[in-house]
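The values are calculated or read from the model by the stated rules, or taken from the named source; none is laboratory data. As the structure is a prediction and not an experimental result, all values here were calculated from the model. Glycine gets a Cβ as well: all are built from the backbone with ideal geometry, and neighbour counts include every protein chain shown.
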Amino acid sequence: MLLDDLISQAKSINEIKMDEFVKYCPKKRVGIFGGTFDPIHNGHLAVVEFIREKYKLEKVIFIPSGNPPHKSGLLSSEQDRMNMVLLAAMRNSDFIVSDYELGSQGKTFTINTLRYLKDMLPSTELCFITGADAIVDIESWKNTKETFELATFIAATRPGISLLESQEKIEELREKYDATIHTLYVPALDISSTYIRNRLEKEKTIKYLLPNYVEQYIAFNKLYKKVGEGQDDQAE
């Protein structure tokens with residue numbers, strides 16, 4: 001099957017999954033997993049599946065970031081990142097992809113995304129999945145108090161990062177905002193998007209680090225190549 005056909009199939013499958021979810025599962029617990037996904041990889045998928053099972057989440061909605069205020073210098077386009085996430089989620093009936101944050105002219109904020117999802121799913125418990133190292137900086141996010149009111153937080157620590165280092169701040173956030181924050185250690189794959197991009201720049205294999213269809217997409221579109229080999233120079 002040609003790659004364009006696979007992408008079309010992934011989009012159609014995702015639309016069906018989203019429509020069925022909104023129609024039949026309004027009162028379930030749902031995971032929200034945002035990120036730049038530049039690119040999405042097996043580490044992302046393993047973490048989310050582990051959390052989905054542990055916290056009995058009905059579905060997990062992947063939301064590729066549009067123009068996040070805390071990160072700049074994305075190397076691939078919004079459309080490329082969206083397509084890669086669609087391909088990665090296609091074979092898992094519990095993973096849905098939303099393009100809500102894409103196409104925004106200004107900065108995209110988590111609070112706006114949570115408001116949108118709560119309006120769409122008023123009876124659903126939103127469970128926002130993030131890193132334990134990221135949640136300690138949540139007071140720099142827009143509308144922190146309302147963010148905690150709209151969602152339960154699941155703060156996962158990954159290999160190489162101690163949960164104990166974040167625990168004191170998390171307790172402070174629970175007390176200050178009456179926040180519901182679950183913490184856990186995820187025995188996930190120690191993979192990062194940066195590591196994958198660096199390997200691609202050095203023309204090394206990325207096999208088994210990300211889904212096969214995503215690997216094919218990257219190769220076909222010549223993403224993350226050295227400057228002058230298919231991409232303009234961009235700062236990360």
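One line per residue, one yes/no per condition, for (1) modelled with pLDDT under 85; (2) of a type in the set (Gly, Ala, Ser); (3) under 21 Å from the mean Cα position of the chain (by Cα):
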residue: LEU126; (1), (2), (3): no, no, yes
residue: SER140; (1), (2), (3): no, yes, yes
residue: THR147; (1), (2), (3): no, no, yes
residue: ILE154; (1), (2), (3): no, no, yes
residue: ALA179; (1), (2), (3): no, yes, no
residue: THR183; (1), (2), (3): no, no, yes
residue: SER193; (1), (2), (3): no, yes, yes
residue: ASN221; (1), (2), (3): no, no, no
Hey, could you check segment 70-93 for residues that are in contact with a helix residue (DSSP H, G or I) (Cβ under 9 Å, 6 or more places away or on another chain) and either modelled with pLDDT under 95 or part of a loop (DSSP other than H, G, I, E, B) (or both) and say which is nearest to SER12 (Cα to Cα)? MET90
Under 16 Å from the mean Cα position of the chain (by Cα) and at pLDDT 95 or above, is that true of SER65? no
Residue tally, condition in a helix (DSSP H, G or I) and of a type in the set (Gly, Ala, Ser), over segment 1-49: 5
Selection status of ILE61, surrounded by 22 or more Cβ atoms within 10 Å (Cβ to Cβ), touching a residue at least 60 places away in the same chain (Cβ under 8 Å) and closer than 25 Å to TRP141 by Cβ: no
Search segment 1-23 for residues that are in contact (Cβ under 8 Å) with a residue 24 or more places away in the chain and pair each with any residue that is polar (S, T, N, Q) and part of a helix (DSSP H, G or I) when their beta-carbon atoms are under 7 Å apart and the residues are at least 6 apart or on different chains. LEU3/GLN216; ILE7/ASN83
Against the definition (out of contact with any Ser or Thr (no Cβ under 8 Å at 6 or more places or on another chain), buried (at least 17 other Cβ atoms within 10 Å of the Cβ), farther than 30 Å from LYS23 by Cα and hydroxyl-bearing (Ser, Thr, Tyr)), how does SER76 come out, yes or no? yes
Candidate set from segment 8-48 (those that are crowded, with 17+ Cβ neighbours inside 10 Å and within 18 Å of HIS182 (Cβ to Cβ)); member that is modelled with the lowest pLDDT: VAL47
For residues that are more than 23 Å from MET84 (Cα to Cα) and either of a type outside the set (Phe, Trp, Tyr) or touching a helix residue (DSSP H, G or I) at 6+ places or on another chain (Cβ under 7 Å) (or both), tally how many sit in segment 23-56. 9
